[in-house]
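S.K.: What follows is a structure written as structure tokens; I'll ask about it next.
The values are calculated or read from the model by the stated rules, or taken from the named source; none is laboratory data. Every value quoted in this text rests on a predicted model; they were computed, and no experiment measured them. A quick note on method: Cβ atoms are made from the backbone with ideal geometry, for glycine too, and the neighbour counts reach across all protein chains shown.
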Amino acid sequence: MGTVTGIEIEVDGRRVRLPEGASLLTAVRAAGIELPALCSDDRLSPAGSCRTCLVRADGLIAAACVTPASSGVRVETATEDLVQLRRDAVELIASALPPRALTGMPDNPSELAQVCRSLGIGTEAAQGAGGRGGDDSHPYVRLDRDLCIACGRCVRMCAEVQGTFALTLVGRGGDTVVAPGTGGPWAESDCVACGGCVDTCPTGAITEPGPARGLTSASRPAAARTRTTCGYCGVGCSLEVATHDGEVTAVLPARDGPVNRGHACVKGRFAHGYLTSPERLTRPLLRRDGSLVTVGWDEALDHVARGLRAAMEAGGPDAVAAISSARATNEENYLVQKFMRVAIGTNSVDNCSRLCHSPSAAGLAASFGLPGGTDTFDDVERADCLLVVGANPVEAHPVIGARLLQRVLHGARLVVADPRSVGLAVHADVHLRPRPGTNVALFHGLAHIMLTEGMADEEFLRARATGLKELTDLLADYPPDRVAGITGVPAADLVAAARLYGRAEHPAIIYGLGVTEHLHGTDGVRSLANLAILRGAVGTDRGFGVSPLRGQNNVQGASDMGALPDVLPGYGKVTDPAVRARAEEVWGAPVPERPGLRIPQMFAAARAGALRALWVIGEDVCATDPDTNRVARALDACPLVVCNELFLSETARHADVVLPVASWLEKDGTFVNFDRRFQRVRPAVAPPGEARTDFDTVRSLATVMGVDLGCPTPADALAECGRLAPVFAGLSHDRLDREGAVPWPCPDPDRPGEAKLYTERFATPDGRAHLAAAPYLPPGEQPDDDYPLVLVTGRRWAHYNSGSMTRRGGNLALDPVDFLDLHPDDATRYGVRDGAQVTVESRYGRASLTARTSEQTVPGQVFCSFHFPASGVNRLTSDQADTVTSCPEYKVTAVRVAAL
């Protein structure tokens, strides 16, 4: 038998067992006893400042939150003198506050008000005069200094969980209150609106405005609550959605969320105002005489069905294509691809992973066997060296960024490879700033150093990898000095970074779109994976592999479900007869054997007249796809364009039929997050007006076309997917309702999913990891005298994708302008002053932005986001694309800048 670890103590006569390092407060709560602890939050380090959790331990009075528990201690909590001491401490705190601290929210009392009630402290105890003012400048946070007790919970939340350090305590003695660290208004501070301060405040000093005002850590809304998974980025935060009279009143992070652990970001926490925007589409629209007019669902679907039949009669099944959605549920994506293959008879279905992480799927599958990250983030977070490449998780994936930062602040070494000095880069031990488009050379340079300095795991390479000789021969041409010449990264920094990663005991690689969105993005993914293979850091206890950060909520799941032109659900190739036979057995219909069109090929076929019907589901391709002028021409050339949308997007304006659909807060199903975890999505409110879910829309259209897709419910769709794809066979809505999150592969309903992959063998045909010997090739775009700057596009913290949801709410007040970031030297060179309107022009188009000078970028490079379609940023980007997957080269566009 193993040794039982932990400690055992006695609390009011009850024996409790605790892990080493637990506090007396943890022991008391484990015994089922509640104590007031106004300065304590179990997500934070203890402070011991309020003295409201006093207990007696072996005869000595102590603050339970800061006193470690030790075996054999006897704890008393309920003696008359202890109750009086706690009551005195709470009365002292309440006495400095105005009466409204205890009476202002009778239906939603603060933690302090609840404690007072439990101790028999009446409202007369609050004798403070008030008058210390507040701060209403922020759209999502309100500060009432009169209610602040200087417990410091908000300050510690901002520092220890979020890692922004935006708050501080100011003043002396009884006048001490919380304030933004910058000293100015809250809205102008470094606050990123994660909401942690609101959730932890015990008094209501920090609240969110509107119907949710007064929500605190102990004061959850009395209204109905729905547990769901966030529909913004691919982190997969678990959220509790509070509703009243059919409307969302607040969204709070779930304390037991497997990824977010009681944390959230500004988007998931607050950006739900779009739900009730007057711009929401509530009835179908049909184009008549050049204008979109409101019609009923029957007429709209009948028009679509006739158009699809006409397209098939004119050009066969391949004259129809669909772009499914990374914003939709797994079940919706499954049904879309089934509709295309069964009802239409084509494999021409794709999703937006084509534009972001298709090189991840191709590269990771070629290197390891499966198109997903190798390790759970819980393991990645334990790494002693983090190599973060082409990603800015602090802004694009804030909850992950915060967890990574805390790991670094607690001692992990950090190497960041990114052209800009943002986010985690400012905390890095080594910050590599390669020229955009030179990733492959950079990774080869690191691999060269690892091999020449003996940092490779030779035993792992012999037993579990292949391709070492070919890679070794190639790496001879990538010594540090040559790589420095290609990438612009000093040779000494290359060596330092290689040694940090190569000598770490448990390294991990985390990467983003800065690796994939290139002409040679798949080569970049494979060359990056080489580092983990050389180190023996994948599938072993010596490291935590390679993890791609997914940009959209279900970009992993959309591909998992087979919304791709060359694979079926579970990534079986459509060209494989055995894979098709399995699908045909489940579906009772033939599956076409020829791969369909990818998204760029769809647009090219439309412009050429070969594609006659295109269904675009939840993607604003006229805003987010590259070279958007040509995308718009493709839509205009296609005889039938159908668009499922929340709002009248630019793509919808080019459509012939626009179908109003539900958002993620109005849907039932599942998402898959960036580390392959299936999690439940549940509707908190009903869609507005006549809007329907994408699931119901697909089924309705199939019915009009005389096709029975089966799968009457989302749960049925996931169950059917499991029968078709063995890697999902162990998953079901019932299981996820019980267990919360389950990673795939999960072939058995009675066994856990595989969080860490490849512990026994890789999923490649020979069971080995495959090193890639791909030479560095230059990017498709090069600056010249006419276009001297290189534009990189990416995300900013307050917005999401085309901004259709985040720009319809308070987030727009936080980030109202589409900036072009450029170095002060370039601003001087081109006569651009900070804050001026500028024209940015490429070989493909023109955009209008606001200049912002900063040394976050290096001379010769500029950066902007793609959250404001009106700016026209993606009119600038080229049609250059990854040679393997057709992923666009968003990260390298030659431009010129001129002041207006």
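S.K.: Of the numbered conditions (1) surrounded by 23 or more Cβ atoms within 10 Å (Cβ to Cβ); (2) in contact with a Phe, Trp or Tyr (Cβ under 8 Å, 6 or more places away or on another chain), V790 fails exactly one; give the number of that condition.
M.R.: (2)
S.K.: Taking only pairs six or more apart or across chains, which ones have beta-carbon atoms under 8 Å, a first residue in region 716-728 that is crowded, with 20+ Cβ neighbours inside 10 Å, and a second residue that is among the basic types (K, R)?
M.R.: Taking only residues 6 or more apart or on different chains, the pairs are L724/R582.
S.K.: Which one of these is at pLDDT 95 or above and among the aliphatic types (A, V, I, L, M): A836, A773?
M.R.: A773
S.K.: Which number in (1) under 20 Å from A96 (Cβ atoms); (2) surrounded by fewer than 21 Cβ atoms within 10 Å (Cβ to Cβ); (3) touching a Phe, Trp or Tyr at 6+ places or on another chain (Cβ under 8 Å) marks the one condition that S137 misses?
M.R.: Going through (1) under 20 Å from A96 (Cβ atoms); (2) surrounded by fewer than 21 Cβ atoms within 10 Å (Cβ to Cβ); (3) touching a Phe, Trp or Tyr at 6+ places or on another chain (Cβ under 8 Å) one by one, S137 breaks only (1).
S.K.: Taking the criterion of being assigned to a loop (DSSP other than H, G, I, E, B) and under 30 Å from C864 (Cβ atoms), would at least one residue in region 404-419 satisfy it?
M.R.: Looking through region 404-419, at least one residue is assigned to a loop (DSSP other than H, G, I, E, B) and under 30 Å from C864 (Cβ atoms).
S.K.: Which condition number does P600 fail, the rest of (1) in a loop (DSSP other than H, G, I, E, B); (2) modelled with pLDDT under 95 being met?
M.R.: It fails just one condition, (1).
S.K.: Also, quick follow-up: May I ask you to verify whether D821 is in contact with a Cys (Cβ under 9 Å, 6 or more places away or on another chain) and of a type in the set (D, E)?
M.R.: In short, yes.
S.K.: Another question about this same structure. Within region 141-156, does at least one residue satisfy the condition of being touching a His at 6+ places or on another chain (Cβ under 9 Å) and modelled with pLDDT of 90 or more? First the steps, then the outcome.
M.R.: Taking region 141-156 and keeping what is touching a His at 6+ places or on another chain (Cβ under 9 Å), we get none.
No, that holds for no residue.
S.K.: If we scan region 767-787, do we find a residue that is under 27 Å from the mean Cα position of the chain (by Cα), small (G, A, S) and over 26 Å from C887 (Cα atoms)?
M.R.: No: region 767-787 contains no residue that is under 27 Å from the mean Cα position of the chain (by Cα), small (G, A, S) and over 26 Å from C887 (Cα atoms).
S.K.: With the requirement that a residue be within 19 Å of D418 (Cα to Cα) and hydrophobic (A, V, I, L, M, F, W, C), what does region 859-882 give you?
M.R.: Answer for region 859-882, where residues must be within 19 Å of D418 (Cα to Cα) and hydrophobic (A, V, I, L, M, F, W, C): V862, F863, C864, F866.
S.K.: Related question: Please specify each residue of region 729-751 satisfying the condition of being surrounded by fewer than 21 Cβ atoms within 10 Å (Cβ to Cβ) and more than 17 Å from R682 (Cα to Cα).
M.R.: A729, G730, P745, P747, D748, P749, D750, R751
S.K.: For region 700-713, state whether one or more residues are under 30 Å from V546 (Cα atoms) and hydrophobic (A, V, I, L, M, F, W, C).
M.R.: No: zero hits.
S.K.: Of all residues in region 604-624, which are part of a helix (DSSP H, G or I) and touching an Asp or Glu at 6+ places or on another chain (Cβ under 8 Å)? Before the answer, list the steps.
M.R.: First, the residues of region 604-624 that are part of a helix (DSSP H, G or I): 604-608, 621-624.
Of everything in region 604-624, those that are part of a helix (DSSP H, G or I) and touching an Asp or Glu at 6+ places or on another chain (Cβ under 8 Å) turn out to be C622, A623.
S.K.: Assess whether G437 counts as being without any contact (Cβ under 8 Å) to a residue 60 or more places away in the chain and under 32 Å from the mean Cα position of the chain (by Cα).
M.R.: Numbers: without any contact (Cβ under 8 Å) to a residue 60 or more places away in the chain: no; under 32 Å from the mean Cα position of the chain (by Cα): yes.
So G437 does not fit the description; no.
S.K.: Could you grab me the full set of residues in region 663-689 that are over 20 Å from L252 (Cα atoms) and more than 20 Å from the chain's Cα centre (by Cα)?
M.R.: Passing the criteria: P687, P688, G689.
S.K.: Something else about it: Go through A870, A898, A894 for me and flag whichever is within 21 Å of V515 (Cβ to Cβ) and either at pLDDT below 95 or part of a strand (DSSP E or B) (or both).
M.R.: Only one candidate qualifies: A894.
S.K.: So, one more: Please list, ordered by residue number, the helices (runs of 4 or more DSSP H) wholly in region 434-523 having 2 or more residues that are of a type outside the set (V, I, T), at pLDDT 95 or above and over 24 Å from P393 (Cβ atoms).
M.R.: In region 434-523, 439-452, 458-464, 468-475, 480-487, 491-503 are the helices (runs of 4 or more DSSP H) which contain 2 or more residues that are of a type outside the set (V, I, T), at pLDDT 95 or above and over 24 Å from P393 (Cβ atoms).
Matching residues to (1) in contact (Cβ under 8 Å) with a residue 12 or more places away in the chain; (2) touching a strand residue (DSSP E or B) at 6+ places or on another chain (Cβ under 7 Å); (3) under 30 Å from L364 (Cβ atoms):
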site: P816; (1), (2), (3): no, no, no
site: L820; (1), (2), (3): yes, yes, no
site: A836; (1), (2), (3): yes, yes, no
site: G860; (1), (2), (3): yes, yes, no
site: V873; (1), (2), (3): yes, yes, yes
site: V892; (1), (2), (3): yes, yes, yes
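S.K.: Take the residues in region 689-715 that are closer than 20 Å to L301 by Cα and among the small types (G, A, S), then tell me which one is surrounded by the most Cβ atoms within 10 Å (Cβ to Cβ).
M.R.: Only one residue fits best here, namely A691.
S.K.: Surrounded by fewer than 24 Cβ atoms within 10 Å (Cβ to Cβ) and small (G, A, S): which single residue out of G551, G543, G557, G536 fits that description?
M.R.: On inspection, the qualifying residue turns out to be G536.
S.K.: Can you give me the number of residues within region 12-29 that are of a type in the set (D, E, K, R) and either in contact (Cβ under 8 Å) with a residue 24 or more places away in the chain or in a loop (DSSP other than H, G, I, E, B) (or both)?
M.R.: Residues in region 12-29 being of a type in the set (D, E, K, R) and either in contact (Cβ under 8 Å) with a residue 24 or more places away in the chain or in a loop (DSSP other than H, G, I, E, B) (or both): 2 in total.
S.K.: So, L531, is that one on the phi < 0 side of the Ramachandran plot, in the same structural domain as H431 (by TED's automatic domain parsing) and in a helix (DSSP H, G or I) or not?
M.R.: yes
S.K.: Here's a follow-up. Can you find even one residue in region 430-452 that is among the β-branched types (V, I, T), within 30 Å of C237 (Cα to Cα) and surrounded by fewer than 20 Cβ atoms within 10 Å (Cβ to Cβ)?
M.R.: No, because not a single residue in region 430-452 is among the β-branched types (V, I, T), within 30 Å of C237 (Cα to Cα) and surrounded by fewer than 20 Cβ atoms within 10 Å (Cβ to Cβ).
S.K.: So, one more: Only one of V28, V55, V16, V75 is touching a strand residue (DSSP E or B) at 6+ places or on another chain (Cβ under 7 Å), of a type in the set (V, I, T) and under 21 Å from D256 (Cα atoms); which?
M.R.: Exactly one residue qualifies, and that residue is V28.
S.K.: What residue, among those in region 848-876 that are over 20 Å from G390 (Cβ atoms) and hydroxyl-bearing (S, T, Y), is surrounded by the most Cβ atoms within 10 Å (Cβ to Cβ)?
M.R.: S871
S.K.: Has region 367-375 got at least one residue that is farther than 14 Å from L500 by Cβ, out of contact with any Pro (no Cβ under 7 Å at 6 or more places or on another chain), assigned to a helix (DSSP H, G or I) and modelled with pLDDT of 95 or more?
M.R.: Let us first name the residues in region 367-375 that are farther than 14 Å from L500 by Cβ, namely 367-375.
Those still in the list that are out of contact with any Pro (no Cβ under 7 Å at 6 or more places or on another chain) too: 367-372, 374-375.
Pick out the ones that are also assigned to a helix (DSSP H, G or I) and you get 367.
Filter again for modelled with pLDDT of 95 or more, leaving 367.
Looking for residues that are farther than 14 Å from L500 by Cβ, out of contact with any Pro (no Cβ under 7 Å at 6 or more places or on another chain), assigned to a helix (DSSP H, G or I) and modelled with pLDDT of 95 or more, one finds at least one in region 367-375, hence yes.
S.K.: Please state which of the following conditions G722 fails to meet, knowing it meets all the rest: (1) on the phi > 0 side of the Ramachandran plot; (2) out of contact with any strand residue (DSSP E or B) (no Cβ under 8 Å at 6 or more places or on another chain).
M.R.: (1)
S.K.: While we're on this one: Across region 793-848, what is the total count of residues that are assigned to a strand (DSSP E or B) and among the polar types (S, T, N, Q)?
M.R.: Step one: of region 793-848, the residues assigned to a strand (DSSP E or B) are 793-794, 819-822, 837-842, 846-848.
If we keep only those that are among the polar types (S, T, N, Q) too, we end up with 793, 837, 839, 842, 848.
Total satisfying the criteria: 5.
S.K.: Also: Of these, D825, D879, which one is more than 29 Å from Q552 (Cβ to Cβ) and either out of contact with any Leu (no Cβ under 7 Å at 6 or more places or on another chain) or surrounded by fewer than 23 Cβ atoms within 10 Å (Cβ to Cβ) (or both)?
M.R.: Matching residue, one of D825, D879: D825.
S.K.: Which residue is nearest to the chain's Cα centre (by Cα), if the candidates are limited to region 125-140 and must be part of a loop (DSSP other than H, G, I, E, B) and under 30 Å from V83 (Cα atoms)?
M.R.: In this case the residue turns out to be G130.
S.K.: Need the failing condition index for G262 against (1) at negative phi; (2) modelled with pLDDT under 95; (3) surrounded by fewer than 24 Cβ atoms within 10 Å (Cβ to Cβ), just the number.
M.R.: (1)
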